[in-house]
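Asker: Take a look at the following structure, please.
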Amino acid sequence: MSFIERPKRQSNQDFARSTQLSTADWEARIGEQVRRARLAADLEQAELAEQSDVSIGALRNLERGNGSTLRTLVRIARSLGLESWLDSLSPAVSVSPIDVLRNGTGERTRVYRARSSGRRGGAGSSTPGADH
């Protein structure tokens, strides 16, 4: 059982609540998850820091939600065997937007209308050839 919370389908209410969290709140939440995973693995901070090739201060900052680098987070997660958690942060792209542009079908994706010359609407405007 993983102690890192996996993304799941959220209700509209849960989504609204999660988008209201500040960056500091997210850092604290992720730091707590890393701390729980470390404790579940029965590792001291110094042990995990050494295994991950990060400083103990960097690990402490991550666990306390005091800011960290992406490199530190990735190294710690890998040392804890949480590659699947990292994968969930970056799902595989099934269609490349560049490939879509390169292999375009030639289908139009927007409607283009010719612009009329002169003013649009308003008092005194007239359409050529229209009887009033």
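Asker: Going residue by residue through segment 37-54, is there one that turns out to be under 21 Å from PRO91 (Cα atoms) and either at pLDDT 95 or above or of a type in the set (Val, Ile, Thr) (or both)?
Answerer: No, the conditions are met nowhere in segment 37-54.
Asker: Condition first: without any contact (Cβ under 8 Å) to a residue 24 or more places away in the chain and not charged (D, E, K, R). Now tell me which residues in segment 44-58 satisfy that. Give the steps one after another, and end with the answer.
Answerer: Going residue by residue through segment 44-58, those that are without any contact (Cβ under 8 Å) to a residue 24 or more places away in the chain are 44-47, 49-50, 53-58.
Correct list: GLN45, ALA46, ALA49, VAL54, SER55, ILE56, GLY57, ALA58.
Asker: On to the next question. I'd like the residue in segment 46-100 that is hydroxyl-bearing (Ser, Thr, Tyr) and part of a loop (DSSP other than H, G, I, E, B) and, out of all such residues, is nearest to TRP26 (Cα to Cα).
Answerer: Keep residues of segment 46-100 that are hydroxyl-bearing (Ser, Thr, Tyr), which gives 52, 55, 68-69, 72, 79, 84, 88, 90, 94, 96.
Subset that is part of a loop (DSSP other than H, G, I, E, B): 55, 68-69, 90, 94, 96.
On the way: SER55: 22, SER68: 12, THR69: 14, SER90: 17, SER94: 28, SER96: 29 Å.
In this case the residue turns out to be SER68.
The values are calculated or read from the model by the stated rules, or taken from the named source; none is laboratory data. Because the structure is predicted, anything quoted here is derived from the model rather than measured. Glycine also receives a Cβ, built like all others from the backbone with ideal geometry; neighbour counts cover every protein chain displayed.
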